[in-house]
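Visitor: Before I ask anything, here is the structure I am working with.
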Amino acid sequence: MNTTSSTARSNILIVDDITKNLQVVGTILRQAGYAVTPATSGTEALEGLREQLPDLILLDLMMPGMDGLEVCRRLKADPTTLQIPVIFLTASNEMEHLVQGFEVGAVDYVTKPFNPPELLARVRTHLELKHARQRLREMNDEKNEFMGIAAHDLRSPLNAVKGYSEMVLEDAALGAENAELVQKIHEAAARMAEMVQNLLDANRIERGEMQLHLVPIDLAAAVSDVLEAQRPRAAAKQQTFHWRKEVGPVPVLADATVLTQVIENLVSNAVKYSPPGKNIYVRLNKSVEKVVCEVQDEGPGLSTEDQKKLFGKFARLSAKPTGGEHSTGLGLSIVKKMVEAMNGRVWCESEPGRGSTFIVELPTA
Ligand SMILES: Nc1ncnc2c1ncn2[C@@H]1O[C@H](COP(=O)(O)OP(=O)(O)OP(=O)(O)O)[C@@H](O)[C@H]1O
Ligand SMILES: [Mg+2]
C-alpha cells in the first residue's frame, strides 16, 4: 500500500452515475492511500464542493442530466475550483468527445475498463503537477512581497539623501567643486528613487493592488503639464516639442495620477532615445467614443523583433539612451498595464531609422 504523506492526504472526488464504477475506482484509490469522495451526478458533485474542495476530480464524461463536459465547464468558470485538475473517465466508444473534454479544461482521461496501475499513474502525475504549480504560485507571491518590501523600505533613506543634499546645496559657503559633487549625489538619489518607484508600481500591478479612480479628466491639460515638466530634459538635448496647446479640453475617463505617469513615460522615452536636435510631436485626436494620443519622435525607431518585446518587463532593446540617462526597461510594461486598467489600448508604429509613434487610446468621458 502506498501511503506516502502527499498521497495519503490527497482527496479525490469521483463522479459517475454508475455505482459499480464508483466502487471499483474508489477501491483502487483507497488502497493506494487516497481519501475518496463519491458523487453519483454532476449536481451532487458541484453541491459537495461547497463543503470540501478535493485535490483532483475523476469525472465521468457521459452522465444523465448534467454531463461531464458541463460539470467541467462550471468548475473551470469558478475561481475557487479552477485549479483542481479534472481527469475524464470515458468508455472507448466516447473517444470523439474527448477533444471537447480538453477544450473545457480537462487535463487527462482514463478509459473504462480501468487498468489500476495506469489510473494510479495518471492520478499521481496530476497531483504532483498541481502541487508544483501551487508551490510556484506561492514562491512568486513571496518574491513579489519581498521585492515590494525592499523597494518600499529603500524609499525613505533615499528621500533623506535627496532632502539633505538639497539643504547642503543651499549653503553659500559650499565651494563650486563641492557643490558639483553634492549636485551629483542629489541626482543619483533622485534617479534611484525613480527606479524604486517603478519597481513598486510594477509590483503593485502584478499583485493586482493597483487602485484606480476613473473620472473625467482633461487629457489636453495633462499632456501640457507633462511637456512642461519634461521641457528641461528636452532642452538639454536641443529637442523641440510640437504641441498645439490651444486644442481645448479633451475629456477622457481615466485616473489622474496614472494618466500622467503614462504620458510621462512615453514623452520621456521620446526624449531619452532621440538624438539631440530632433523634434517630438504630441497630438490628440478625438472621436465620439475614443480619444487617441500620439507621441511621435525622430529617434532610431524599432525593428519588428524589438517591437514584439517592447511592452514586456525588463525590455532593454537596441535603442540606447542618447544622453547618459538610465534605463531599467520597466516603463512601457507599466504603461501597458496601466492603460489596460483604464480600459484603453497602447501600441507602437515604427520602422527602423524612421522614428517611432506611440499611440494611447482611451475612452471618451
Ligand atoms: N521612443 C523610442 N524609440 C526607440 N526605442 C524605444 C523608445 N521607447 C522605448 N524604446 C526601447 O524600448 C525599451 C523599453 O522601454 P521602457 O520605457 O520600457 O524602458 P526604459 O526606458 O529602458 O527604462 P525605464 O524603466 O526607465 O522606462 C528601451 O530600453 C528602448 O530600447
Ligand atoms: Mg522608459
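Visitor: Just grab the label-to-label distance for Asp225 and Val161, each label 7 Å out from Cα along the Cβ direction, in nm (one decimal).
Guide: Once both label points are built, they end up 2.9 nm from each other.
Visitor: When Lys and Arg each count +1 and Asp and Glu each count -1, what net charge do the other residues less than 15 Å away from Gly344, Cβ to Cβ, add up to?
Guide: Numbers: positive: Lys286, Lys290, Lys336, Lys337, Arg345; negative: Asp255, Glu289, Glu294, Glu340, Glu361.
Around Gly344, the surrounding residues sum to 0.
Visitor: Please give the peptides 286-294, 352-360, 87-95 ranked by average Cβ packing (other Cβ atoms within 10 Å per residue), highest first, as a rough proxy for protection.
Guide: Highest to lowest by the protection proxy: 352-360, 87-95, 286-294.
Visitor: On to the next question. Which of the pairs Lys184/Lys337; Lys278/Lys308; Lys309/Lys337; Lys308/Lys337; Lys130/Lys337; Lys290/Lys320 have their Cα atoms more than 21 Å apart in this structure?
Guide: Working: Lys184/Lys337 33 Å; Lys278/Lys308 25 Å; Lys309/Lys337 15 Å; Lys308/Lys337 16 Å; Lys130/Lys337 28 Å; Lys290/Lys320 33 Å.
Pairs exceeding 21 Å: Lys184/Lys337; Lys278/Lys308; Lys130/Lys337; Lys290/Lys320.
Visitor: Hey, another quick one. On a 0 to 90 degree scale, rounded to 10, what angle separates helix 19-31 from the longest Cα axis of the chain?
Guide: 70
Visitor: Separation between the Asn115 and Arg354 pseudo-spin-labels, each 7 Å from Cα along Cα→Cβ, expressed in nm?
Guide: Between Asn115 and Arg354, the label points sit 6.0 nm apart.
Visitor: Using alpha carbon centroids, what distance separates segment 13-71 and segment 260-290, in Å?
Guide: Between the Cα centre of segment 13-71 and that of segment 260-290, the gap is 57 Å.
Visitor: Okay, next question. Using Cα atoms only, what is the angle between the long axis of helix 176-206 and the major principal axis of the chain, expressed in degrees (0 to 90) to the nearest 10?
Guide: Helix 176-206 sits roughly 30 degrees off the main axis of the chain.
Visitor: Normalised by the residues of the chain, what does the relative contact order come to in percent, with Cα pairs under 8 Å and at least six apart? Spell out each step's value before the answer.
Guide: On the way: 571 pairs, mean separation 38.0, N = 365.
Once normalised by length, the contact order is 10 percent.
Visitor: Among DSSP beta bridges whose residues both lie in the chain, state the antiparallel percentage, nearest 5.
Guide: For the chain, the DSSP antiparallel bridge percentage is about 55.
Visitor: What is the percent of Cα-Cα separations in the chain that go past 35 Å? Each step should come with its number before you reach the end.
Guide: On the way: 32749 of 66430 pairs.
Roughly 49 percent, once rounded to a whole number.
Visitor: May I ask for the distance between the Cα centers of segment 142-187 and segment 307-365, given as a whole number of Å?
Guide: Answer, in whole Å: 28.
Visitor: For Ser224, Ser274, which order do you get if you count the other beta carbons within 10 Å of each Cβ and list the fewest first?
Guide: Ser224, Ser274
Visitor: Binning every alpha carbon pair distance of segment 1-134 at 10 Å from zero, what are the percents per bin?
Guide: Going out from 0 Å in 10 Å bins, segment 1-134 shows 13, 49, 34, 4 percent.
Visitor: Right, another one. Just the projected area, averaged over all directions, of the convex hull on the alpha carbon atoms of segment 215-363: how many nm²? Could you put the intermediate results ahead of the total?
Guide: Numbers: hull surface 32.1 nm².
Hull-based average projected area comes out at 8.0 nm².
Visitor: Charges on Cβ only, +1 for Lys and Arg, -1 for Asp and Glu, centred on the Cα centroid of the chain; of Val360, Gln134, Asn279, which one is farthest towards the dipole's positive end?
Guide: Farthest along the dipole direction, towards plus: Asn279.
Visitor: Now, a different point. Relative to the longest principal Cα axis of the chain, at what angle does helix 116-169 sit, 0 to 90 degrees, rounded to 10?
Guide: With both axes taken from Cα atoms, the answer is about 20 degrees.
Visitor: Students often get this wrong: which residues of segment 260-281 have the backbone nitrogen under 18 Å from the point 7 angstrom along Cα-to-C-beta of Lys245?
Guide: The answer is 280-281.
Where a number appears in this text, it was derived from the coordinates with a stated rule and is not lab data. On a predicted model such as this, the values are computed, not experimentally measured, just so you know. FYI the Cβ positions are ideal-geometry reconstructions off the backbone, even for glycines, and counts take in every protein chain you see.
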